[in-house]
Amino acid sequence: MLARVGTFLGNLVIIRLLGLDLLGELGLIESWLKVAMMFAVFGVDAAVTKYVSHHLESDPKQVGEIAATALVLGGISTALVGGLLFIVLKVPHLSGWALRQGAGAGPTVEVLTRFAFIFPVLIALFMAKQVIVSIFYGLQAFEVFVWANAIIGLISFPVSYLLVRWQGLLGALEVRGVLVAVEIVLLIFPMRRALRRMGAKLSLSNFRQNGQRLLAFGLPTLVGQLVANPVQPLMLSFLAAQPGGIVQVGLITTAQRLSSLASFVPGSMAATVMPALSTEVGRGDMRRFRDGVLVALRMLWLSTLPVVLLLMAACPTLLGFLYGSEYVAAWPVTLLFLVIALLVGVNQSADRALAAANRMWLSTANNLLWALMFIPLALILIPRGMALGYALAFLVSFALYVLIQLRWLRRLFRVRLMSLVPLFALSMLTMAAAWLIAVRLVLPVQIVAAVALAGVAVFLQWRLLLSGAERQALQRRAHRLWTRGLALANKIDRAAERGGPDVDGG
């Protein structure tokens with residue numbers, strides 16, 4: 001939450017300073033940068049989390065070898081991908097060939113070519129961060145992210161303002177690099193300390209064997225990403241090539257920025273799903289695995305819904321207040337992306353459950369089905385509805401994809417999906433109410449109604465959708481957090497009265 005608030009304020013500055021045209025170019029750059037990152041990481045991040053968590057209790061030496069092998073493999077792939085991308089964009093013959101390919105290639109390649117020099121640096125930084133974070137996920141040492149995220153949240157706003165004000169679109173890319181570099185510095189020393197503490201020394205022993213294991217697990221992950229990830233940049237490039245298309249891409253980028261406020265909760269929680277489920281698979285306890293999948297589905301859904309409802313109902317007002325009047329036109333697109341954010345939260349549990357159970361090729365096949373549904377829908381709807389057509393094609397195809405994923409969970413692991421029906425019914429009713437509030441009401445009634453709707457959803461979830469044991473567990477956790485907060489406040493007060501810090505670091 002600390003990091004998300006800071007980065008949201010940083011994105012707010014970027015959107016206000018750039019304007020719709022440059023924001024559209026930033027959206028294109030970021031979408032294709034994700035594709036380059038996909039090749040650089042090569043699915044090794046998911047493999048690291050899988051194998052580190054698998055050997056966490058049984059073989060600490062293996063954990064250190066896996067971590068070191070992943071860092072080396074990531075460095076090699078980053079050098080290859082970053083260098084190749086730079087050559088393709090900077091050699092006139094190669095970039096000229098790309099400009100002639102397809103209706104949407106021209107505007108996109110022209111934008112990418114201007115910033116080719118910074119891509120290898122960004123790819124290297126993002127890869128290093130991804131692998132380090134995956135090691136911590138495998139270690140299930142999630143508390144280490146608290147201070148790192150707090151610092152990133154604090155510096156996001158000033159760094160974004162200074163760099164974008166100074167260098168415009170280039171500054172917006174530099175912001176990404178600076179924040180990731182700071183995060184790497186904050187995480188790399190705790191990573192080495194955590195590994196040493198458990199006796200997992202970084203080592204390249206058995207490099208070939210461990211490398212083969214990581215690549216064997218990462219290959220289906222890469223193939224699944226290769227099927228799905230380039231599809232969105234391609235369709236955004238197709239949209240950019242339409243008359244006024246760059247502005248439409250800017251509207252989509254704005255909608256995605258606002259909807260990210262709803263997706264950070266499931267995104268944060270989903271990081272705990274695969275290592276926890278992989279541990280159960282390693283123990284051979286499939287009953288706990290099945291129960292864990294259902295808990296993950298419910299908790300990510302329950303935690304996302306109130307935020308989605310609040311943002312949906314207040315969407316037109318928030319866009320105008322946060323970004324400016326020219327961005328209010330993005331509200332229908334934003335509504336659809338907020339529904340997608342809810343589906344993404346559900347799918348993250350399903351996808352990670354399949355990965356934890358070594359069903360990566362099944363997940364890859366499902367990604368292919370989504371791409372085959374999304375592409376024709378986007379090609380039909382984008383010329384007719386522009387940004388709204390893109391969002392509608394995404395929503396329809398992704399909803400079908402999530403249903404397919406859930407069906408496999410039920411078939412393979414007998415997950416009791418019927419228990420999710422009340423939650424689905426509540427979601428449909430409350431999202432319909434949120435849409436009516438966004439369409440029919442204006443300030444200040446719209447904000448009041450949005451807050452009330454989110455409050456009603458929380459109340460109904462608490463009373464009707466959580467069991468008594470779950471409510472008691474949450475109450476105990478909240479009580480412990482409150483008690484610790486009071487104890488910390490008292491320690492700070494005592495230290496202040498003594499005129500210096502507490503001797504134990506408090």
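List every residue pair whose Cβ atoms lie under 9 Å apart, where the two residues are 6 or more positions apart in sequence or sit on different chains, the first residue falls within segment 10-21 and is free of Cβ contacts under 8 Å to residues at least 24 places away in the same chain, and the second residue, located anywhere, is assigned to a helix (DSSP H, G or I) and β-branched (Val, Ile, Thr). Short answer, once both residue conditions are applied: none.
Residue-by-condition table, conditions (1) free of Cβ contacts under 8 Å to residues at least 24 places away in the same chain; (2) among the hydroxyl-bearing types (Ser, Thr, Tyr); (3) more than 20 Å from Leu195 (Cβ to Cβ); (4) surrounded by fewer than 24 Cβ atoms within 10 Å (Cβ to Cβ):
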site	(1), (2), (3), (4)
His54	no, no, no, yes
Val63	no, no, no, no
Val72	no, no, no, yes
Phe86	no, no, yes, yes
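Considering Val175, Val159, Val144, Val182, the condition of being more than 20 Å from the chain's Cα centre (by Cα) and either touching a residue at least 60 places away in the same chain (Cβ under 8 Å) or assigned by TED's automatic domain parsing to the domain that holds Val121 (or both) is satisfied by Val159 alone. Pairs meeting the criteria (first residue in segment 358-376 and closer than 21 Å to Met286 by Cβ and outside the structural domain of Thr49 (by TED's automatic domain parsing), second residue surrounded by fewer than 17 Cβ atoms within 10 Å (Cβ to Cβ) and modelled with pLDDT under 85, beta carbons under 8 Å, at least 6 apart or on different chains) are Arg359/Leu412. Of the residues contained in segment 311-322, none is found to be out of contact with any Phe, Trp or Tyr (no Cβ under 8 Å at 6 or more places or on another chain) and under 29 Å from Tyr51 (Cα atoms). Can you confirm whether segment 308-329 contains a residue that is part of a helix (DSSP H, G or I), touching a Pro at 6+ places or on another chain (Cβ under 7 Å), over 18 Å from Ala454 (Cα atoms) and not assigned by TED's automatic domain parsing to the domain that holds Val13? Yes, segment 308-329 has at least one match. Consider segment 223-282 and keep the residues that are modelled with pLDDT of 70 or more and not in a helix (DSSP H, G or I). The one that is surrounded by the fewest Cβ atoms within 10 Å (Cβ to Cβ) is Pro243. Within segment 458-490, the residues that satisfy the criterion of being under 29 Å from the mean Cα position of the chain (by Cα) and in contact (Cβ under 8 Å) with a residue 40 or more places away in the chain are Val458, Gln461, Leu465, Leu466.
Can you confirm whether Leu412 is surrounded by 14 or more Cβ atoms within 10 Å (Cβ to Cβ) and at pLDDT below 85?
Details: surrounded by 14 or more Cβ atoms within 10 Å (Cβ to Cβ): yes; at pLDDT below 85: yes.
Criteria met by Leu412.
I'd like to check something: does segment 187-200 contain any residue that is among the β-branched types (Val, Ile, Thr) and either without any contact (Cβ under 8 Å) to a residue 12 or more places away in the chain or farther than 30 Å from Phe157 by Cβ (or both)?
Within segment 187-200, not a single residue is among the β-branched types (Val, Ile, Thr) and either without any contact (Cβ under 8 Å) to a residue 12 or more places away in the chain or farther than 30 Å from Phe157 by Cβ (or both).
Taking segment 372-412 as the search range and keeping residues that are of a type in the set (Phe, Trp, Tyr) and out of contact with any Phe, Trp or Tyr (no Cβ under 7 Å at 6 or more places or on another chain), which one is farthest from Leu23 (Cα to Cα)? Show your work before the answer.
Taking segment 372-412 first, the residues of a type in the set (Phe, Trp, Tyr) are 374, 390, 394, 398, 401, 408.
Imposing the further condition that a residue be out of contact with any Phe, Trp or Tyr (no Cβ under 7 Å at 6 or more places or on another chain) reduces the set to 390, 408.
Values: Tyr390: 17, Trp408: 39 Å.
This residue is Trp408.
Only one of the listed residues (Gln446, Gln405) is surrounded by 14 or more Cβ atoms within 10 Å (Cβ to Cβ), in contact (Cβ under 8 Å) with a residue 60 or more places away in the chain and touching a helix residue (DSSP H, G or I) at 6+ places or on another chain (Cβ under 8 Å). That residue is Gln446.
Can you confirm whether Glu30 is surrounded by fewer than 24 Cβ atoms within 10 Å (Cβ to Cβ), within 26 Å of Gln167 (Cα to Cα) and of a type in the set (D, E, K, R)? The answer is yes for Glu30. One residue stands out among those in segment 323-346 that are over 16 Å from Leu261 (Cα atoms), surrounded by fewer than 22 Cβ atoms within 10 Å (Cβ to Cβ) and not β-branched (Val, Ile, Thr): the one that is nearest to the chain's Cα centre (by Cα), which is Pro332. Looking across segment 347-394, just one residue is at positive phi and crowded, with 20+ Cβ neighbours inside 10 Å, and that is Met386.
The values are calculated or read from the model by the stated rules, or taken from the named source; none is laboratory data. As the structure is a prediction and not an experimental result, all values here were calculated from the model. Cβ coordinates were reconstructed from backbone atoms using ideal geometry, including for glycine residues, and neighbour counts include every protein chain displayed.
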